[in-house]
Amino acid sequence: MTDAQTLIAKAMTEVELFENVRAAARLYGWLLYHTRDSHGSTAGFPDMVLARPGHILFLELKRENRNATPAQEEWLGILETSCVEGPVKTFLWRPSDWLEGRIQAVLQQSWKRGN
């Protein structure tokens, strides 16, 4: 990452990252679910769920250099390993993933079983 990208990534809020991911998801044909107010919900469930035919993504979004909580890591691990019938993926994304194009690449991609 360039110095400029590093500065932008450090300044990007989780809300800004969310809005970027949401716009890209719509562009690439994903349905999106996000719990607007998680008070009273079980701790750790991912921020976003994206779906399109044959694919489900569970996404946790964090500011640059912030870590997932143990509950978030547990949810991502269980979700990644529990669904064996189709391509289910989990991701922890940060602003640098957006700036380097990794998020956009995933949202454009179609997976075959085993990828």
query = Only one of (1) over 25 Å from residue 1 (Cα atoms); (2) surrounded by 13 or more Cβ atoms within 10 Å (Cβ to Cβ) fails for residue 102. Which number is that?
reply = (1)
remark   = The lone condition residue 115 fails out of (1) modelled with pLDDT of 90 or more; (2) open to solvent by 50 Å² or more (accessible area, probe 1.4 Å) is (1)
key: Any pair with Cβ under 8 angstrom, 6 or more apart, that starts in the stretch 44-63 at a residue that is closer than 13 Å to residue 80 by Cβ and ends at one that is basic (Lys, Arg) and modelled with pLDDT under 90   = 56/89; 57/89; 58/89
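Residue 63: among the basic types (Lys, Arg) and under 29 Å from residue 5 (Cα atoms), yes or no? Walk me through how you get there before you give the answer.
Numbers: among the basic types (Lys, Arg): yes; under 29 Å from residue 5 (Cα atoms): yes.
When the stated conditions are applied, residue 63 passes them.
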ask   = Are any residues in the stretch 59-92 among the aliphatic types (A, V, I, L, M), modelled with pLDDT of 90 or more and within 13 Å of the chain's Cα centre (by Cα), and if so, which ones?
value = 59, 61, 68, 76, 92
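Is there a residue in the stretch 68-75 that is under 26 Å from residue 9 (Cα atoms), out of contact with any helix residue (DSSP H, G or I) (no Cβ under 9 Å at 6 or more places or on another chain) and among the β-branched types (Val, Ile, Thr)? Before you say what the answer is, go through the steps one by one.
Start the filter on the stretch 68-75 by keeping residues that are under 26 Å from residue 9 (Cα atoms), which leaves 68-75.
Filter once more, so that each one left must be out of contact with any helix residue (DSSP H, G or I) (no Cβ under 9 Å at 6 or more places or on another chain): 69-75.
Now narrow it down to the ones that are among the β-branched types (Val, Ile, Thr): 69.
The answer is yes; a qualifying residue exists.
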request  = Just need a number here: residues in the stretch 27-42 that are modelled with pLDDT under 90 and either more than 21 Å from residue 13 (Cβ to Cβ) or touching a Pro at 6+ places or on another chain (Cβ under 6 Å) (or both).
outcome  = 3
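The values are calculated or read from the model by the stated rules, or taken from the named source; none is laboratory data. If you're wondering where the values come from, they're calculated on a predicted model, not measured in any experiment. Quick reminder, even Gly has a Cβ in these numbers, built from the backbone with ideal geometry, and neighbours come from all protein chains shown. Ligands, DNA and RNA are excluded from the accessible area calculation, which covers all protein heavy atoms including side chains. Shrake-Rupley method; radii C 1.70, N 1.55, O 1.52, S 1.80 Å.
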